[in-house]
Amino acid sequence: MRACSRCKAEKPLTEFYVRKGRPRGDSHCKDCARADGRAGHAKNRERSRAKAAAWKAANPEKLDAVTRRNRLKAYGLTPECYAEMFALQGGCCAMCGKHQSEESRRLAVDHNHETGDVRALLCMNCNRTLGHAQESPELLRTAALYLEHFR
């Protein structure tokens, strides 16, 4: 038995991690060590998000270049093609009609996963809905019937 230096609880030695160079292992029990790790990960995640947000704010032209390059690589879609689709759709999602200004992200390029053909620009919600429904019209019809049944 041994007392944890953090929570002061008396625990068996199996509740302590073994560390090289420390003949008696860690001074913190496994539960306290895990809690420390989770707190550290959360702190690092927030720091990373803040760092990414700062970079995006300082480098909007680079971010646009990355977005354009990714669209071209993934869909063969040039910035001019995207702009043309955007204009034809009036800046709105092709599925729900929500305008780009109401969204926090750009309209996503919707495409057929089997053929790779680009279909339209969708808001993130509509694009994810199609993805989660596995692009199955039957599943979406069944979902609509289900919602109407429980209205």
| query | Relative to the present Cα-Cα distance, how much length would full extension add between Lys43 and His113 at 0.36 nm per residue of separation? | reply | 21.5 nm
| task | Give me the distance between the Cα centres of segment 74-151 and segment 37-63, rounded to whole Å. | result | 28 Å
| field | Angle in degrees between helix 79-88 and the longest Cα principal axis of the chain, rounded to the nearest 10 | value | 60 degrees
| note | Here, Cys96 and Ala9, labelled 7 Å along Cα→Cβ, have an inter-label distance in nm of 4.4 nm
| query | In vacuo Debye scattering of the chain, one point per C-alpha: log10 I(q)/I(0) at q = 0.10, 0.14 Å⁻¹? | reply | -0.66, -0.83
| remark: If the chain between Ser136 and Glu103 were fully extended at 0.36 nm per residue, the gain over the current Cα-Cα distance would be 9.3 nm
| Just the projected area, averaged over all directions, of the convex hull on the alpha carbon atoms of segment 2-58: how many nm²? | 5.0 nm²
| Out of segment 24-86, which GluC sites (Glu not before Pro) are coil in DSSP terms and have no more than 13 other C-beta atoms within 10 Å? | none
| query | Roughly how many nanometres apart are two label points built 7 Å out from the Cα toward the Cβ at Leu63 and Ala83? | reply | 2.0 nm
| query | How high is the relative contact order of the chain, in percent, with contacts defined as C-alpha pairs under 8 Å that are six or more residues apart? | reply | 10 percent
| query | For helix 30-58, what angle does its Cα long axis make with the longest principal axis of the chain, in degrees from 0 to 90 and rounded to 10? | reply | 40 degrees
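A short reminder: the numbers here are calculations on the coordinates, not readings from a lab. Remember, predicted model here, so these are calculated numbers, not experimental data. Don't worry about glycine lacking a Cβ; one is built from the backbone with ideal geometry, like all the others, and counts go over all protein chains shown.
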